[in-house]
Amino acid sequence: MSQGKRILCVWMPRLPVNRFGRTGLPVDDCLFAVTAEDKNAVRLVSLNKHARRVGLYVGMTLATARAAAPQLITVAQEPMRDEAFLKALQRWCVKFTPWSACEGKDCLLLNVTGCAHLFGGEAAMAKAILQELKDMQIEARIGVADTKGAARAAARFGAKGHTIFETGRTRESLAPFPIDALFADEKSTFELKRLGLKRIGDLYPLKSSGLARRFGFGLLRAYEKLLGVASDPVAPATAQPTFAARMSFPDPIGLMDDVSEALRRLTEQVCKRLSNHDYGVRALRLSCYRADKHQIHLDIGLARPTQNARQIIRQFALKLEKVDSGDGIDMMRLSALKVEPFKPTQRTFAEAEKQNDLDELIATLGNQLGFDRVLRWAPVSSHLPRRSFRFVEAMQCKNAATWAAHTSRPLISYAGEPVAVLKPGRPPKSFQWRKKIYNTLRCKGPERIGPEWWKGPNGDVLRDYWRVEGEDGSRLWLSTRPGEKPSSWEVAGLFP
């Protein structure tokens, strides 16, 4: 068993290409590269073995690569998917050690202190990791050393496969490695090479004070971390729980009843996991993988976080008819796209039933029309009637109990629609609005509302408002400017 701290680094130099290969793209049968925009140019960021053999390299512009290899096939990089894939691999590393973390965009660091003997030693452990990654179609190299920096150097610049530094011999093992193994900034590395310092061992005779004075403390710090003089622990990142379930079928399915039953089982599994971790789901995706490699994705959203499987199934049921099974469905996967902490609230049965009905209505309309088209009124802190509310997505709206009670405000507001005065008065004794004549039976007012002076000039003026009840029972909210001659009246709202 190894003594002292031991760090294992898994370097995956072509992770973007490998990830695309796992999706079914024939990345091993052609010249293939992943591109990204960098410094006002599209450059190659990851290549397969065929592209490297013809002389293409990472950092080459796409235009130059096309000129050298016209048959090159490229796809744009998907950084978020690459990051998610790396985090998934970090969760997978838990089977080897509870202490693991992502490093950069293509590395995993594992603290294997006291773990290697469970797999037959560090060499056997490294071979097991490499074999499993190969089975997942991922190219990797492994380095094992006493420090994080040395493990990274061993993985990147060591022998193909795995490189293991003996315990307590980090300094001797790193001596022949290139100066790039410092992982310092490019400027410092270039200056070191320009001075003829091309190997890590070339730095050993130099004093730390001289390195700091010439190249700065950044390079000195990287040098000390590499040798283990300065602390550089593996900060384990807690793997976030994933809320997904998958079901593979021995024979492809195509009947709607079979798809519905599979959806029910998947939903129950996801909801059980949500309940165990005290999370609720707001958006989900159902993926159906057909036998002809075609994929179908159905997305739904929910008005509030939920752990209720029946609510989820009801929303998916409205979209299942769009699923074309083709030659049959080999696999189905249900994944939560957006989760939030679930905080149950105490309600009476009637309140809970009313809220659930409203949430289901919002979810149903949103999934059919788009959640950006399902709106609700939300209160705004303003005494001006036309500014006391705004429209927000119903999915994001808070509880309507935050509205301030104001009995003199109408339920429906208008942006000042003019009326034709038939019999003058204050308010008019008779007027016409929207081709209908109203005779005033009772009125109450005026209520004078001034502009928001603290917001500066914004076009608002002082107005008087009256509640007017017509002979036919209609109740309107009329407004006029005080002192205006002749008076002009407008309908500002309608009471229920």
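Using the beta-carbon distance between ALA36 and ASP185 and R0 = 22 Å, what value does 1/(1 + (r/R0)^6) give for FRET efficiency, to the nearest 0.05? Kindly include the intermediate steps, with their values, before the conclusion.
On the way: r = 21 Å, r/R0 = 0.96.
That gives a FRET efficiency of 0.55.
So how far apart, in nm, are the two label points at LYS193 and THR364 if each is 7 Å from Cα heading toward Cβ?
About 6.6 nm, to one decimal.
Check cross-link reach from LYS225 to the lysines: straight Cα distance under 30 Å, and skip same-chain residues fewer than eight apart.
List returned: LYS5, LYS87, LYS95, LYS105, LYS127, LYS148, LYS160, LYS187, LYS193, LYS198, LYS207.
Between ARG448 and ASP135, what is the FRET efficiency for a Förster distance of 56 Å, r being their Cβ-Cβ separation, to the nearest 0.05? Walk me through the intermediate numbers first.
Values: r = 78 Å, r/R0 = 1.40.
With R0 = 56 Å, the Cβ-Cβ based efficiency is 0.10.
Quickly work out the ARG66-to-LEU462 label distance, labels modelled 7 Å from Cα along the C-beta direction, and quote it in nm with one decimal.
Calculated label separation equals 7.0 nm.
If you restrict to DSSP beta bridges whose two residues both lie in the chain, what percentage is antiparallel, to the nearest 5? Walk me through the intermediate numbers first.
Values: 80 of 87 bridges.
The antiparallel proportion sits near 90 percent.
Determine, for LEU203, LEU337, LEU284, the number of other Cβ atoms within 10 Å of each Cβ, and report the residues in order from fewest to most.
Details: LEU203 19, LEU337 14, LEU284 24.
Sorted ascending by nearby Cβ count, the order is LEU337, LEU203, LEU284.
Cα centroid distance between segment 114-146 and segment 285-339, in Å?
36 Å
If the reach is capped at under 21 angstrom between alpha carbons, list the lysines near LYS485, excluding any in the same chain fewer than eight residues apart.
Within reach: LYS423, LYS429.
As I understand it, the dipole of the chain uses +1 on the Cβ of Lys and Arg and -1 on the Cβ of Asp and Glu, about the Cα centre. Which of ALA150, LEU266, ASN308 lies farthest toward its positive end?
Most positive-ward Cα: ALA150.
With a 10 Å Cβ neighbour count serving as the proxy for reagent exposure, in which order, fewest first, do ASP464, ASP38, ASP372, ASP146 appear?
Least crowded to most crowded, the residues run ASP372, ASP38, ASP464, ASP146.
Of LYS127, LYS485, LYS293, how do they rank once you tally other Cβ atoms within 10 Å and put the fewest first?
Working: LYS127 16, LYS485 6, LYS293 9.
With the fewest neighbours first, LYS127, LYS485, LYS293 line up as LYS485, LYS293, LYS127.
None of the figures in this text is laboratory data; all of them are computed from the coordinates on show. Everything quoted here is computed from the prediction, not taken from an experiment. Neighbour counts run over all protein chains shown; Cβ positions are idealised from the backbone, glycine included.
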